[in-house]
Amino acid sequence: MKKLLLHVCCAPCSTHSIEELKKDYKVTLFFSGSNIYPKEEYEKRLNEARKIAKIYDLELVEDSYNHAAWREFIKGLEAEPEGGRRCEKCFEFNLKRARDYAEEHGFDLFTTTLTISPHKNSQKIFSIGRKLGRFLEIDLKKKDGFRRSVELSKKHGLYRQNYCGCEFSIRK
Ligand code: SF4
């Protein structure tokens, strides 16, 4: 089986993603979320990712948290609406982290749980992944993926956040 690094944005999105991917790949989880604000929220989501790793008996790699670097990367796009250019840069930031780790640690491929969200454009994510290389193009919202992830999150009692992640996505 090929070794696949799965970038995990949050535990709820990873549930169905893991179930799909582990049919064909040897999956390792990679939690990377320097976009998440504040730090307490990041810790909360990381803890849930740890829970998921235990549930599915998978290795979890915890990337370092550097919100200042993420802010620098998206500079000038702070006022963009959700789904706009800031989000594309945000995907690029996290996907690059996963690609670099995958390359350095001998993974055949990497992909991301981000495509499961109905709010995220999978084609945009694919085009970023393609440029980075080693990217598995799989649209996890297919096969009713999002609904299934909601069901599985409830089953496992996972915390489900009510905003995407960065300070600009916090609903007033
Ligand atoms: S709204 Fe979500 S995807 Fe967009 S920049 Fe913020 S954290 Fe990233």
**Prompt:** Is it the case that region 99-117 has a residue that's in a loop (DSSP other than H, G, I, E, B) and of a type in the set (Val, Ile, Thr)?
**Reply:** no
**Selection status of ARG71, assigned to a helix (DSSP H, G or I), within 14 Å of the ligand (Cβ to nearest atom), under 20 Å from TYR163 (Cβ atoms) and without any contact (Cβ under 8 Å) to a residue 24 or more places away in the chain** = yes
**Request:** Collect the residues in region 68-81 that are within 15 Å of LYS96 (Cα to Cα) and touching a Ser or Thr at 6+ places or on another chain (Cβ under 9 Å), keeping them in residue-number order.
**Result:** ALA69, TRP70, PHE73
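Throughout, read-outs are computed from the coordinates displayed, never taken from laboratory work. The model shown is predicted, which means the values in this text are computed figures rather than measured ones. As a convention, Cβ positions derive from the backbone with ideal geometry for all residues, glycine included, and neighbour counts pool all protein chains shown.
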